[in-house]
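The values are calculated or read from the model by the stated rules, or taken from the named source; none is laboratory data. Only a predicted model underlies this, so the values are computations on that prediction, with no experimental measurement involved. Cβ sites come from the backbone with ideal geometry, for glycine too, and all protein chains shown count toward neighbours. Side chains are part of the model used for accessible areas, which takes the heavy atoms of the whole protein and leaves out ligands, DNA and RNA. Shrake-Rupley method; radii C 1.70, N 1.55, O 1.52, S 1.80 Å.
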Amino acid sequence: MPEAAPRAWRTVLEHIEGDLLDGRLGPGDRLPSERELAADLGVGRSSVREALRVLEVMGLIRTATGSGPQSGAIVIATPTGGMSALLRLQVAAQGFPLADVVKTRLVLEDAVATALAADADRDTAEAHRVLAAMDAVALTPAEFLALDAQLHLALAEASGNVVIAAMMAGLRTAIESYVQAGVTGIADWSAMAERLRAEHHAIVAAIDAGDGEHARTLLKTHITGYYTAAGLTRVAAARP
């Protein structure tokens, strides 16, 4: 059947979205075949394939070719899939002002510290592993700050809130980029690295002790302190 418009794939996307929202489809369910979707919705199979590619990139489905029981498209709803990809693309296109990234980071990490400190069954083993890696004195600024971003992501993932973890994963590129850019504004990197190490250890220790209020205070000081010391406030203010 000929397609009436080049955006016919949106019809497929909206149909599947409706099934997800209404509960007719959920994680683990298999989508109808390309042939069935094309016939039911009155679009070409190429439009069905385009819609499935979009859903796969968004982390909502997994597709496999063939004719066996594992073939076709299955709903997986990977929490960090689409949201993280979207945020990364917006960051790459400079769609987010630096000041807004920092403010959002403060909100997210405040929630992370609150959740982790209140959870008696918290697991901060990954955060401690990254802390240990950051204690190596031979790290270059780039290596150290890459681990810095990994530490904050590890805490977000440990919080158990998959939405916050997805947002932190999506913002990781922006966070890592701005902290890397700030190195040139720091006169004594060795002193700053020691300061950051001490702050990281104190933040994780407060979380492990269940002291959410102290952990939140330390995080705010840590994030805004580097942002200010690196002169990034001036960079943000200079941008339109």
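Remark: the residue 181-residue 36 segment gains 47.1 nm on full extension, using 0.36 nm per residue and subtracting the alpha carbon distance. Working ranking of peptides 201-212, 22-33, 106-117 by packing, defined as the average number of other Cβ atoms within 10 Å per residue, highest first, is 106-117, 201-212, 22-33. Computed with every protein chain present, the accessible area of residue 98 is close to 20 Å² [probe 1.4 Å].
Mind checking the full-extension length gain between residue 191 and residue 17? Use 0.36 nm per residue of separation minus the Cα-Cα distance, one decimal, nm. Show your work: numbers first, answer last.
Working: separation 174, 0.36 × 174 = 62.64 nm, distance 5.17 nm.
Contour length minus the Cα-Cα distance gives 57.5 nm.
Ellipsoid fit via the Cα gyration tensor, the range 129-183: semi-axes of 21, 15, 5 Å, each the root of five times an eigenvalue, largest first.
Let me check I've understood the local charge: for residue 36, count other residues with C-beta under 12 angstrom from its C-beta, Lys and Arg +1, Asp and Glu -1. What total comes out?
Details: positive: 30, 35, 45; negative: 34, 40.
Summing Lys/Arg as +1 and Asp/Glu as -1 gives +1.
When the solvent-accessible area of the range 118-194 is split by element, carbon and sulfur atoms take up 58 percent of it, the probe being 1.4 Å.
As an exercise, use a Förster radius of 45 Å and the Cβ-Cβ distance of residue 138 and residue 163 to find the FRET efficiency, rounded to the nearest 0.05. Present the calculation step by step, with values, prior to reporting the outcome.
Values: r = 37 Å, r/R0 = 0.82.
Using R0 = 45 Å, I get an efficiency of 0.75.
Histogrammed with a bin width of 10 Å, the alpha carbon distances of the range 164-228 distribute as 19, 44, 33, 4 percent, first bin at zero.
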